[in-house]
Amino acid sequence: MSLLVVGSMAFDSIRSPFGEVEQIVGGSATYFSIAASCFTPVRLVSVVGRDFPKDVMEKLSARGIDTRGLAVADGETFRWKGYYENDLNVAHTVRTNLNVFEGFDPVLPPEWKDTPYVFLGNINPRLQMNVMDQISKPRIVALDTMNFYIENSLESLREAISKIDVLIINEAEVRQITGELNLVRAARMLMDTGPRRVVIKRGEYGVLNISGGDIFAVPAYPLDKVFDPTGAGDSFAGGFMGYLASLDRKEISNKDYRMATVYGSAVASFTVEAFGTQRLESLSREDIAERVSMIRALIEIP
Ligand code: AMP
């Protein structure tokens, strides 16, 4: 079943304790769509500048990512520069250049309006709502955000959150939006404003998936080499939503959501093994299935 994503496509410059890269291809929609395309066809809505490499777009298309919703605008592609210190859970932003995102007005191809699964990735919440307004009767709409929009566009972000089904967000952002330090209470506060489910990404400490009274916790796979956590959150979301879309169910059960959380965690664990999208691009369904078993084995008591 088709899965639509709107989000950023970027050139990232990143420093981690394990190395440094300049202007590599990144962005929330890029990581998400590559991850999700391991499971299901993806419809990509984003904008890049004329400087964006054509061969990257061709590589995305070759993976079953439909780029008819990807605008190429006059100007430069979005750029993000950041670094990580020893705590890889915290990304420090040095610079954000919105560039072509400043004038972006996403218009979906008419045949995409009935897309059943929708992911609103990390961009201005007004654009996220703009995309939601163009979709009729989706089965699930999930949304991610980040500190940049919590600080600069909180009111429209709250409005966007009130219209969605699943909020996928990291723990620092949950605390920042709600002002509540306790994650369970913070998730409840957010669910009171609209979403049925809050999925909290906690970096190397795993994921909490909270809905009503149900809490499901998945550990992150403990890797012996981590290079770059950039994109882990978006790859998690891509695996999570891609898995759900591949099931193609009218009613998604709690068990489905639990499995999706394990699949998302498995996919994200590969992303951090290399800078950029490199490792993600070479992933097979067998690699993912094996990592899913390894995560399940972490908490099994024989
Ligand atoms: P994450 O999965 O949370 O690590 O997201 C990483 C991606 O977010 C990077 O590839 C960045 O290009 C992108 N990013 C960083 N800042 C922003 C922003 N303000 N708006 C949209 N995307 C961003």
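The values are calculated or read from the model by the stated rules, or taken from the named source; none is laboratory data. Note that the structure is predicted; figures quoted are calculated from it, not measured. As a convention, Cβ positions derive from the backbone with ideal geometry for all residues, glycine included, and neighbour counts pool all protein chains shown. Note: areas computed on protein heavy atoms with side chains; ligands, DNA, RNA excluded. Shrake-Rupley method; radii C 1.70, N 1.55, O 1.52, S 1.80 Å.
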Next item on the list: Using amide H atoms built 1.01 Å from N in the peptide plane, name the residues 5+ places from L4, or on other chains, whose amide H lies under 5 Å from its own.
Entry: R43, Y117, V118, F119
Next item on the list: List the residues whose amide H sits under 5 Å from the amide H of S46, counting only those 5 or more places along or on another chain, with H placed 1.01 Å from N in the peptide plane.
Entry: L70, A71
Check: What list of ³J(HN,Hα) couplings, whole Hz, do you get for the stretch 279-289 from phi and the Karplus terms 6.51, -1.76, 1.60, once you set θ to phi - 60° and write x for glycine and proline?
Finding: 5, 4, 5, 9, 6, 10, 4, 5, 4, 5, 4
Note to self: Quick check: convex hull of the Cα atoms in the chain, volume per residue, rounded to a whole Å³?
What the structure shows: 126 Å³
Next item on the list: Return the calculated 222 nm mean residue ellipticity for the chain, to the nearest 500 deg cm²/dmol, obtained by summing -39500 (n - 2.57) across DSSP H runs with n ≥ 4 and dividing by the residue count.
Entry: -10500 deg cm²/dmol
Next item on the list: Using the Karplus curve 6.51 cos²θ - 1.76 cosθ + 1.60 with θ = phi - 60°, work out ³J(HN,Hα) for each residue of the stretch 23-29 in order, rounded to whole Hz, and write x for Gly and Pro.
Entry: 6, 9, 6, x, x, 5, 6
Item checked: Using distinct alpha-carbon pairs, which all enter the 1/r mean, Kirkwood radius of the stretch 142-194 in Å -> 10.9 Å
Checklist line | Taking only Cα atoms of the stretch 159-279, radius of gyration then Dmax in Å | finding: 14.3, 41
Check: Which FRET efficiency value, to the nearest 0.05, is calculated for D224 and S162 with the Förster distance at 30 angstrom and r the Cβ-Cβ distance?
Finding: 0.10
Next item on the list: Tell me the label-point distance for the pair A274, R249, using the 7 Å Cα-to-Cβ offset, in nm and rounded to one decimal.
Entry: 3.3 nm
Next item on the list: May I ask you to evaluate 6.51 cos²θ - 1.76 cosθ + 1.60, the Karplus curve with θ = phi - 60°, for each residue of the stretch 263-273 and list the ³J(HN,Hα) values in order in whole Hz, giving x for glycine and proline?
Entry: 4, x, 5, 5, 5, 4, 5, 6, 3, 6, 6
Check: Counting only protein heavy atoms and using a 1.4 Å probe, what share of the accessible area of the stretch 1-94 belongs to carbon plus sulfur, as a whole percent?
Finding: 50 percent
Checklist line | Mean shadow area of the stretch 84-229 over all directions, Cα convex hull, nm² | finding: 10.2 nm²
Check: Along the three principal axes, how long is the stretch 6-86 when you take its alpha carbons, biggest first, rounded to the nearest angstrom?
Finding: 38, 33, 20
Next item on the list: Give the accessible surface of the chain per residue, rounded to a whole number of Å², with probe radius 1.4 Å and ligands, DNA and RNA excluded.
Entry: 43 Å²
Checklist line | Span from the the stretch 219-296 Cα centroid across to the the stretch 62-92 one, whole angstrom | finding: 19 Å
Check: So if R0 is 30 Å, what FRET efficiency would R126 and E20 give, r being the distance between their Cβ atoms, rounded to the nearest 0.05?
Finding: 0.35
Checklist line | Residues of the stretch 82-97 with amide N under 17 Å of a point placed 7 Å along Cα→Cβ from E76 | finding: 82, 94-97
Margin query: I want to verify the translational diffusion coefficient of the stretch 18-57 in µm²/s; compute it with Stokes-Einstein, Rh as the Kirkwood radius over Cα pairs, at 37 °C and 0.692 mPa s.
Written below: 275 µm²/s
